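Right, one structure below, let's go through it.
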Amino acid sequence: RKEVEQDPGPFNVPEGATVAFNCTYSNSASQSFFWYRQDCRKEPKLLMSVYSSGNEDGRFTAQLNRASQYISLLIRDSKLSDSATYLCVVNIGTGGFKTIFGAGTRLFVKA
Amino acid sequence: NAGVMQNPRHLVRRRGQEARLRCSPMKGHSHVYWYRQLPEEGLKFMVYLQKENIIDESGMPKERFSAEFPKEGPSILRIQQVVRGDSAAYFCASSPRDRGSEQYFGPGTRLTVT
């Protein structure tokens, strides 16, 4: 089983739609969690950190469920510019972190 | 505040040559990470360094690859005697605190081995 798993998609949604991605992780020692987006042939860019209490940044909401070991990203009112690959990142650590990137979920937002 | 800088952005090497990739972290960041990404694949961790120290090189191939982050100057990822399979995008990231904190990525170096 992979340490971090994401549905590769692609998710094809119309503009204005709400779309949600999940990411599961296998190591209960995971300490910190992030969502990044990566455009084709570009570097990953930090989208947001993920906290147990959940956090929101504009149209984006991230949640962490430690009991079930998954994190989620919700995008409301999708824009064409949201088309990208979304990567979940998990830092696993007890005295020395290991950073694991998910393989990414591809999103296409269409007019 | 300049972001993470990498150079060159594109590098072409013939099989057997050496490739040197450079990374300057964001100002104030002393933690540097190198990742490799093959076409249509995810990011793979290679090495984590702090100034003058390699903290974790568990993702580095045992041969031909080395990394350093000297007291002065950029971090260097060095690949000796390159082979076609080394062709990939190599991304550097830096973070302000330890490995549990968020990482900021440079634009990457695309290495092509002919």
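The values are calculated or read from the model by the stated rules, or taken from the named source; none is laboratory data. Treat the numbers as computed from the prediction; the structure is a model and nothing was measured. Quick reminder, even Gly has a Cβ in these numbers, built from the backbone with ideal geometry, and neighbours come from all protein chains shown. Each accessible area value is taken on the protein alone, full model and side chains, heavy atoms only, with ligands, DNA and RNA left out. Shrake-Rupley method; radii C 1.70, N 1.55, O 1.52, S 1.80 Å.
Counting only strands (runs of 3 or more DSSP E) that fall entirely inside segment B:14-114 and contain at least 1 residues that are among the aromatic types (F, W, Y), the qualifying elements are B:31-37, B:43-50, B:65-68, B:88-95. For B:V83, the conditions (1) within 10 Å of chain A (Cβ to nearest Cβ); (2) surrounded by fewer than 17 Cβ atoms within 10 Å (Cβ to Cβ) all hold with the exception of (1). Within segment A:6-21, residues that are under 9 Å from A:R106 (Cα atoms) reach partners that are open to solvent by 40 Å² or more (accessible area, probe 1.4 Å) with beta carbons closer than 6 Å, at six or more positions or on different chains, in the pairs A:G9/A:R106; A:P10/A:R106; A:P10/A:F108; A:N12/A:F108. The residue list A:L46, A:L87 contains one member that is touching a Pro at 6+ places or on another chain (Cβ under 8 Å), on the phi < 0 side of the Ramachandran plot and either at pLDDT 95 or above or not in a loop (DSSP other than H, G, I, E, B) (or both), which is A:L87.
Scanning segment B:55-77 for residues that are in contact with a strand residue (DSSP E or B) (Cβ under 7 Å, 6 or more places away or on another chain) and either closer than 16 Å to B:Q37 by Cα or within 13 Å of chain A (Cβ to nearest Cβ) (or both), we see that the one that is least open to solvent (accessible area, probe 1.4 Å) is B:L77. With respect to the conditions (1) modelled with pLDDT under 95; (2) exposed (fewer than 15 other Cβ atoms within 10 Å of the Cβ); (3) more than 13 Å from chain B (Cβ to nearest Cβ), A:D7 lacks only one, and its number is (2).
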